[in-house]
Amino acid sequence: MRNSVVINNKIKPYIKIIKNIAGDKSISIRFLILSSLAHGKSIAYNLSNAQDIIDTLKCIRKFGVKIKIKKEFCEVHGNGLFGYEYKNNISLNAGNSGTAARLLSAVLINSPKFIRITGDSSLQKRDMKRIVEPLKEFGALFKTKKNTLPFLIKGTKFIRPINYKEMRGSAQCKSAVMLAALFAPGKTNLKCVKSRNHTELFFKNAIKVPIKVNKSNKFDLIQVEGGKNFKGFSYHIPGDISSAAFFIVLTILNKKSSLIIKNININPSRIGMIKILNLMGSKISFHNKKKYKGEVVGDIHVKSVKKFKSINCPKKFNSSAIDEMLLLFLVSSIAKGTSTFRGLEELNKKESKRLDWGIKILKMIGVKTKRISNHGIKIYGNPNLQLKKTYRIRSYLKDHRIYMLSVIAGLTLGGRWVINDPDSIKTSFPSFNKLVMKLGAKIN
């Protein structure tokens, strides 16, 4: 079949080490944006080569920022916090990246001209109201019909600090407000449901702008003092745990296998999936842990698991496992008992409606599921699940995580899988297929 891959066989047992997971995508995007606002040269090692990063880089270059991509590193020459050059009729295409679209909107808070921001067909369906409203409070002007892309944004000379509440656990929304706060003289205050804290760590440890973070059980109180320039910086970007997650699940589902994944970002706000899997019977461990610019980096050791326990998943793990939730559904499908996940409204606001797709795939392979209130799902696990039919995955808006999930399912559960749009992995993890095949998988 054209533009598809076929998996006919399960992967065989392996004992392997992966040393070259691509750089963390969330950190890579933040590096590019913050270094473009810094004064002087910044250098990043192991910058992600995902399409989302390439699209971010192309957007930033339109403002006169010089970026050099070399074999070993990326070099950015920033012109300072107010150093962007604003030409007429600039249009930015964020591709598939919600992070790029939202964070780039924030740093245009002082643009003297309207800038057009758009993205691919998937990104144009995603909600932008959640950043439009706080950026308007800073003083930005928008021309938008449905609070979706494409829209026009224009900044202001009179940027004012704001008080902001983020109740969804969205690191993108929180980060957008924090980036806009850099331009606002005075103190911007945020009260946020806990989510990824890469931006806070960048502010404190890389660009060293005035920031205070007070943590409670449910919320983080963040204060950013803006209006202050910062210097260029260097950054060694660790491997992306959201990419490593697919190999973690491949290993725990594959009999008599073990895997070490080197130099991965194991920031506590990103390891929800690992905590959940260990509650379900895995014994995933971290080794050679070290702190780098506030981030925690280490090696992940994984072994196959014979039996999984079902789980009533605590909602407190949702924000730190949201990108890996589909993999948790897959593991739950062969766990003993009924697993329950609640509070997953953000899952249907990703590149595709992932909660809906997760249910669709589980039903397709014969696993009983039930939608429950509060955006939840019950999964009735079958430890003896054996797949023998042909399963086709198509029309999923080219969501890279749906593609990779389907590959893992085909390699571990059996059956014949025909999966469309393999190029979707370019968005986040271009080397995924090659790494899977290095472990012994046969993908036609």
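Listing for the model above:
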item: Filter result for residue 214 (of a type in the set (S, T, N, Q), assigned by TED's automatic domain parsing to the domain that holds residue 109, surrounded by fewer than 17 Cβ atoms within 10 Å (Cβ to Cβ) and over 14 Å from residue 134 (Cα atoms)); result: yes
item: Cβ pairs under 8 Å, 6+ apart, first in the range 150-168 and outside the structural domain of residue 345 (by TED's automatic domain parsing) and in a strand (DSSP E or B), second of a type in the set (Ser, Thr, Tyr) and surrounded by 18 or more Cβ atoms within 10 Å (Cβ to Cβ); result: 153/105; 153/111; 154/111; 163/188; 164/188; 166/195
item: Candidate set from the range 75-91 (those that are of a type in the set (A, V, I, L, M, F, W, C) and surrounded by fewer than 24 Cβ atoms within 10 Å (Cβ to Cβ)); member that is nearest to residue 54 (Cα to Cα); result: 90
item: From the options 309, 315, residue that is charged (D, E, K, R), in contact with a Gly (Cβ under 6 Å, 6 or more places away or on another chain), surrounded by fewer than 17 Cβ atoms within 10 Å (Cβ to Cβ) and under 26 Å from residue 24 (Cβ atoms); result: 315
item: Sole residue being touching a residue at least 12 places away in the same chain (Cβ under 8 Å) and of a type in the set (Ser, Thr, Tyr), chosen from 216, 269; result: 269
item: Test: residue in the range 360-380 that is out of contact with any Ser or Thr (no Cβ under 7 Å at 6 or more places or on another chain), farther than 22 Å from residue 401 by Cα and touching a residue at least 60 places away in the same chain (Cβ under 8 Å); result: no
item: Residue in the range 174-187 that is of a type outside the set (Gly, Ala, Ser), touching a residue at least 12 places away in the same chain (Cβ under 8 Å) and surrounded by fewer than 22 Cβ atoms within 10 Å (Cβ to Cβ) present; result: yes
item: Only listed residue being more than 20 Å from residue 282 (Cβ to Cβ) and not β-branched (Val, Ile, Thr), chosen from 350, 316; result: 350
item: Filter pass, residue 267 being within 24 Å of residue 197 (Cα to Cα) and touching a strand residue (DSSP E or B) at 6+ places or on another chain (Cβ under 8 Å); result: yes
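The values are calculated or read from the model by the stated rules, or taken from the named source; none is laboratory data. Because the structure is predicted, anything quoted here is derived from the model rather than measured. Note: ideal-geometry Cβ built from the backbone for every residue, glycine included; neighbour counts use all protein chains shown.
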